[in-house]
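Shown next, in structure tokens, is the structure this report addresses.
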Amino acid sequence: MSVWHLVLNEIKHRKLNFFLAALSVTVAVGTLVGAMTLLRADEIQTQSILDDKKRQLEKTVAKHEQETAEAGKKLEDDYRKITKGLGFNILILPEEQDLNEMYVDGDLSKSMPEQLVTKLAESGIVTVNHLLPIVTRKIEWPEINRSVILTGTRGEVPLAHRDPKKPLQDLIPAGTMHVGFALHTKMKWKKGDKVTLLGKEFEVTNLKPEQGDTDDGTIWINLAEAQELLKMQNLVNAILALECNCATIDRIGEIREDIEEILPGTYVVEKGSSALARAEARMRAKKSAQDSLKKAKADGEAAIAQEKTSRLEIRKQRENLAALLVPLNLIGCAIWIGFLTFGNVRNRASEIGILRAIGLRSQQILSLFLSKSLIIGIAGGGIGYAIGLFIGVVCGDLPDVNTATSQLFSINLVLASLVLAPVLASISSWLPALMAARQDPALVLQEA
């Protein structure tokens with residue numbers, strides 16, 4: 001009679017003992033697999049939460065980036081409008097010039113060398129462009145008995161380090177005059193009319209549209225001719241410029257710093273306008289959008305880091321709990337299997353004596369009990385893994401059961417369960433089985 005035949009008969013005749021032992025292994029394996037599966041589910045859930053937060057952060061950042069880009073585009077559009085519609089908005093003056101004189105009388109009485117504009121153009125400055133030197137003076141025009149502002153200009157001085165740009169104001173040829181709106185409407189002048197200024201004849205070639213400022217009472221002539229009439233050869237009263245749209249929110253501060261470093265003894269004035277105010281608002285809006293973008297990134301990253309830390313703390317607590325309960329459960333189940341096997345040995349003492357008497361060796365008796373333990377371990381391991389996986393799927397809080405099952409199923413854990421469970425059962429049964437194998441059949445039969 002083979003050992004396996006004896007094992008199967010033993011299982012048939014002592015079903016309760018086999019069931020209780022297999023149940024013990026099932027509980028041990030189910031607890032272990034359930035704990036590991038729940039930890040795996042927690043890891044998947046943590047990654048899913050972090051991925052959701054990252055996607056939310058990406059959407060928020062993309063929204064703020066779009067707002068920042070739109071704010072920057074509006075800012076550039078406003079600067080282009082300034083360039084196209086308003087012309088020069090930076091005035092570089094001699095440091096000693098009284099600004100009250102300019103604002104109240106519309107006159108500039110102080111001068112500086114004309115060569116300063118060339119020095120500025122060759123300096124590599126990037127915060128301004130479109131440089132235009134001028135002389136300007138409030139004078140009495142004796143030929144028509146009126147007070148006017150005389151302005152002399154030349155062609156714009158190109159910046160040496162930049163590509164040539166379309167000038168905001170064209171060169172006024174010698175012998176020609178541009179006339180402001182208030183003056184030419186009052187005098188009823190037309191293009192082509194000849195006028196005399198301080199004894200010199202000029203042809204009216206441009207009638208300016210209404211501006212609503214001092215330009216309406218201004219006449220423009222060639223710079224060299226104006227310098228001659230005002231006895232200001234090689235001198236200018238101011239340099240006009242247009243600020244670059246690459247300046248920051250402290251636009252005028254940067255421009256002043258750059259120009260006063262290149263041209264000491266000068267002072268920079270910004271000609272304000274509603275468009276400039278709008279541009280400043282756009283600049284502030286752009287900065288606000290940039291700040292919001294930075295804050296959104298920082299807040300999102302902080303929230304992700306906090307969530308990750310929180311989930312790791314929870315996982316650590318669960319790992320610590322599992323590290324305590326699982327070993328205790330395994331030890332308890334091993335002891336229970338040992339007691340069941342020991343009781344089985346005692347109940348089968350006479351049977352073991354008979355088997356020894358008819359020729360079974362001690363090794364075969366040992367194999368009889370250990371083989372039963374292997375069967376108990378394999379059965380309990382398989383069922384225990386299924387129960388542990390079920391616990392992980394149900395209690396793991398994953399959204400989709402089918403997806404959760406595929407994510408939590410582990411072939412390595414299945415193999416480990418089918419290997420470790422028989423080992424646990426065999427180790428638990430080893431001592432009682434060894435006692436049964438070493439019994440003296442004569443003494444056992446005599447006691448029976």
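The values are calculated or read from the model by the stated rules, or taken from the named source; none is laboratory data. Note that the coordinates shown come from a computational prediction; the quantities given were computed from them, not determined experimentally. Note that we place each Cβ from the backbone using ideal geometry, even for glycine, and neighbour counts take in every protein chain shown.
So here's what we get for this one:
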item	result
Evaluation of Glu96 against (1) in a helix (DSSP H, G or I); (2) at pLDDT 80 or above; (3) of a type in the set (D, E, K, R) (one fails), failing number	(1)
Residue, nearest to Val29 (Cα to Cα), within the range 420-448, restricted to residues that are small (Gly, Ala, Ser) and either surrounded by 15 or more Cβ atoms within 10 Å (Cβ to Cβ) or at pLDDT 70 or above (or both)	Ala421
Residues located in the range 293-337, provided they are of a type in the set (Val, Ile, Thr) and loosely packed, with under 14 Cβ neighbours inside 10 Å	Thr309, Ile314, Ile331, Ile335
Members of the range 383-424 that are of a type in the set (A, V, I, L, M, F, W, C) and not in a helix (DSSP H, G or I)	Leu398, Phe409
Within the range 104-117, tally of residues that are modelled with pLDDT of 90 or more and farther than 23 Å from Arg251 by Cα	6
Test: residue in the range 102-120 that is within 30 Å of Glu260 (Cβ to Cβ), among the aromatic types (Phe, Trp, Tyr) and either part of a helix (DSSP H, G or I) or assigned by TED's automatic domain parsing to the domain that holds Gly265 (or both)	yes
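To keep it simple, each residue is scored yes or no on (1) among the β-branched types (Val, Ile, Thr); (2) assigned to a strand (DSSP E or B).
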residue: Val204; (1), (2): yes, yes
residue: Glu210; (1), (2): no, no
residue: Ile219; (1), (2): yes, yes
residue: Met232; (1), (2): no, no
residue: Ile255; (1), (2): yes, no
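Table: residues versus (1) among the aromatic types (Phe, Trp, Tyr); (2) closer than 19 Å to Leu16 by Cα; (3) surrounded by fewer than 21 Cβ atoms within 10 Å (Cβ to Cβ); (4) not assigned by TED's automatic domain parsing to the domain that holds Gly338.
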residue	(1), (2), (3), (4)
Ser367	no, no, yes, no
Ser373	no, yes, no, no
Gly384	no, yes, no, no
Gly392	no, no, no, no
Ser406	no, no, yes, no
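Table: residues versus (1) crowded, with 16+ Cβ neighbours inside 10 Å; (2) touching a Gly at 6+ places or on another chain (Cβ under 6 Å); (3) outside any helix (DSSP H, G or I).
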| residue | (1), (2), (3) |
| --- | --- |
| Leu16 | no, no, no |
| Leu23 | yes, no, no |
| Val27 | yes, no, no |
| Leu38 | yes, yes, no |
| Glu43 | no, no, no |
| Gln47 | no, no, no |
| Asp51 | no, no, no |
| Lys63 | no, no, no |
